[in-house]
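Novice: I have a structure here, written as structure tokens, and I will follow up with some questions on it.
The values are calculated or read from the model by the stated rules, or taken from the named source; none is laboratory data. Keep in mind the model is a prediction, meaning the values are calculated, not measured. Positions of Cβ are backbone-derived with ideal geometry, glycine not excepted, and every protein chain shown enters the neighbour counts. Quick note on the areas: whole protein, heavy atoms, side chains included, nothing else; ligands and nucleic acids left out. Shrake-Rupley method; radii C 1.70, N 1.55, O 1.52, S 1.80 Å.
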Amino acid sequence: MPQTQRPVGVIGVGYVGLVTAVCIAHLGHHVVCLDVDEAKIEALRAGKVPIYEPGLDALMAGARDRLSFTTSYDELCERSRVLFIAVDTPPSPSGDADLSRVERVVRDVSARDGERLLVMKSTVPVGTGDRVLAELESAGAAAIGYVSNPEFLREGAAVDDVLHPDRIVIGAYRERDGDEIQRLFAGIETTVVRTTVPTAEMIKYASNAFLATKISFINEIANVCEVVGADVRAVADGMGLDHRIGPYFLQAGIGYGGSCFPKDVQALKQLAGNSGYHFQLLNAVIEVNHLQKRRVVGKLQERLGGRLRGKHVALLGLTFKPNTDDLREAASIVLASRLRAEGARVTAYDPMVAPGSRADLFPGVEIATGALEALDGADAAILVTEWPELVALDWTVVRERMKGRHVIDGRNVLDAALVTAAGLSYDGIGTVDRTVAAGEPVTSSEAR
Ligand code: UDX
């Protein structure tokens, strides 16, 4: 297996940093991970993985002897020359990416003597590499090289995405720096895109913005399907067969969430705006995504006779997608808050969210120990996250536990026939399966 002579350093052990570090160690290299969070580093030293990511525990256990963890920049810089940066770049109040953590890392590293190669994994605005390099040069730290190596991993599939990526993008100022990073990933078989730093930075933003656009596009098609009586799932299947379109990211639902799409789409729009370009399309992508959650509340109001005050709504799933414990920008947060604002009682269940926890995100929401407990006495249920255990619920049992009969499938993953056979009503997003259980009010739009 390939070995670099000195261990590779990884700064920031969040999702991207930790998965990157473990995968590089899996490829046979020694890796030193640094994080400012002492508790996280302690847990990792004890062999505990602080995030839920399928396959990561096993991979980390297999590479234990090549991984070490520290909170000390002195130790990191003494041991490592190649330093991956994988710290957060959250949105700032203006919508620009907040680069304060990246800037801090660059300061901490450049304050220590030695020749180094910084490799940017964090998603940073186009132009960040140029800026960092200029700052380093003006601070006299010319012995520091810089490579942009954006990450495309998806939470829940992160290990597979890193070890079997669609491409590896390497933007470098100096050919030899790019070569060095390409050699580091030699164990991974894929297309390597070698380019400039600004182009590499833009590939990341443009990819995420395009995927988000696909989702908002299919969500608008779903909304039109509801009006004209077409089924968005069949429409997506039919569209996806055209290889120029492709079948992926055409799953209509209650919109995208997570730590990347909302932040990166906003940041790209802002980046364009800062340079005087009005990125009109992205405005629509963002707005459609926002409205998609509100439409579900509107649908529920329609089903429950106009008012939600005093009604009991159960949210099935809270994380922004299955196979993760991540709640960042999850649709559930907006849904829960809208429902509470309308005066509804809200209960919820998610396999990754413990009862009594996360009152910061879900004030006033009762988090139950199981799906059926959340559904007890509910007037309506909304499937928010397509966790397998929620998709596989026995709807006859659900019907017995609920008081009302309304089920809204926010991800278009339930078998509508099973739901309705249990005596419940079913609403998807842009599907023709909509059924009204006996005795339910029929709205004027349906009567037409
Ligand atoms: C995304 C990108 O896929 C990844 O390349 C990048 O590095 C980080 O951002 P992630 O946020 O982990 O990854 O999740 P992803 O699986 O892409 O889903 C994002 C959101 O879009 C989820 O809320 C998901 O439910 C939603 N989605 C996805 C849809 O609503 N419809 C789809 O067809 C696909």
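Novice: In whole Å, what are the extents of the chain along the principal axes defined by its C-alpha atoms, from largest to smallest?
Specialist: 76, 48, 38
Novice: When only Cα pairs under 8 Å and 6 or more residues apart are kept, what is the percent relative contact order across the chain?
Specialist: Value for the chain: 11 percent.
Novice: Stretch Ala234-Asp113 to full length: gain in nm at 0.36 nm per residue minus the Cα-Cα span?
Specialist: 37.5 nm
Novice: Using only Cα positions of region 338-424, each an equal point scatterer, no hydration layer, compute I(q)/I(0) via Debye at q = 0.12, 0.18, 0.23 Å⁻¹ and quote the log10 values to two decimals.
Specialist: Summing over Cα pairs of region 338-424 leads to -0.34, -0.78, -1.25.
Novice: Here's another thing I want to ask about it. For Tyr52 and Lys403, FRET efficiency with R0 = 30 Å and r from the beta-carbon atoms, rounded to 0.05?
Specialist: That pair, Lys403 with Tyr52, gives E of 0.35.
Novice: Report the FRET efficiency, 1/(1 + (r/R0)^6), for Glu189 and Arg295, where r is their Cβ-Cβ distance and R0 is 25 Å, rounded to 0.05.
Specialist: Working from the Cβ atoms, E equals 0.05.
Novice: In the chain, what percent of the accessible surface is made up of carbon and sulfur (1.4 Å probe, ligands and nucleic acids excluded)?
Specialist: 53 percent
Novice: Using 7 Å Cα-to-Cβ label points, what is the Phe279/Asp160 separation (nm, one decimal)?
Specialist: Each label point lies 7 Å from its Cα, and together they span 2.9 nm.
Novice: Would you calculate a helix-derived [θ] at 222 nm for the chain, using -39,500 (n - 2.57) for each DSSP H run of n ≥ 4 and dividing by the full residue count, to the nearest 500?
Specialist: -12500 deg cm²/dmol, from helical runs alone.
Novice: Could I ask something else about it? Determine the alpha carbon to alpha carbon distance for each of Lys121/Lys293; Lys263/Lys293; Lys48/Lys293; Lys121/Lys269 and list only those over 26 Å.
Specialist: Lys121/Lys293; Lys48/Lys293
Novice: Just how much of Arg303 is accessible, in Å², when a 1.4 Å probe is used and the result is rounded to the nearest 10?
Specialist: About 20 Å², ignoring ligands and nucleic acids.
Novice: Would you work out if region 255-368 is rounded, prolate or oblate? Take a ≥ b ≥ c from the square roots of the eigenvalues of the alpha-carbon gyration tensor; rounded if a/c is under 1.5, else prolate when a/b is larger than b/c, oblate otherwise.
Specialist: oblate
Novice: Using all C-alpha to C-alpha distances in region 198-448, build P(r) with 10 Å bins and read off the rounded percent in each one.
Specialist: 7, 30, 35, 20, 6, 1, 0
Novice: Compute the relative contact order of region 8-195 as a whole-number percentage, counting only Cα pairs closer than 8 Å that sit 6 or more residues apart in sequence.
Specialist: 21 percent
Novice: Further, regarding this structure: Straight-line reach from Lys299: which aspartates and glutamates fall under 15 Å, measuring Cα to Cα and dropping same-chain residues less than 8 apart?
Specialist: Candidates past the 8-residue exclusion: Glu226, Glu342, Asp379, Asp409, Asp427, Asp433, Glu440, Glu446.
Novice: Here's a follow-up. Starting from the eigenvalues of the Cα gyration tensor, five times each then square-rooted, give me the equivalent ellipsoid semi-axes of region 156-232, largest first, whole Å.
Specialist: 37, 15, 7
Novice: Would you kindly calculate the mean projected area, averaged across all directions, of the convex hull enclosing the Cα atoms of region 31-188, in square nanometres?
Specialist: Over every viewing direction, the Cα hull of region 31-188 projects on average to 10.1 nm².
Novice: First measure r as the distance between the Cβ atoms of Glu42 and Val227, then evaluate 1/(1 + (r/R0)^6) with R0 = 60 Å and state the FRET efficiency to the nearest 0.05.
Specialist: 0.60
Novice: On to the next question. Quick one: length gained pulling Glu287 to Ser94 fully straight, 0.36 nm per residue minus the C-alpha distance?
Specialist: 67.8 nm
Novice: Let me have the relative contact order for region 234-328, percent, based on Cα pairs under 8 Å that are six or more residues apart.
Specialist: Relative CO of region 234-328 lands at 26 percent.
Novice: Can you tell me what share of the DSSP beta bridges in the chain is antiparallel? A percent to the nearest 5 is fine.
Specialist: Beta bridges within the chain, antiparallel portion: roughly 10 percent.
Novice: Find the accessible area per residue for the chain; the probe is 1.4 Å, ligands and nucleic acids are left out, and the unit is Å².
Specialist: In whole numbers, the chain has 44 Å² accessible per residue.
Novice: By the scheme Lys and Arg +1, Asp and Glu -1, what is the net charge of all other residues having a beta-carbon under 9 Å from that of Ile51?
Specialist: -4
Novice: Taking the Cα centre of the chain as origin and charging only Cβ (+1 Lys, Arg; -1 Asp, Glu), how large is the dipole, in debye to the nearest 20?
Specialist: 700 debye
Novice: Going by average Cβ neighbours within 10 Å, how do the peptides 83-94, 317-328, 19-30, 68-79 rank, with the highest at the top?
Specialist: The densest-packed peptide leads the list: 19-30, 317-328, 83-94, 68-79.
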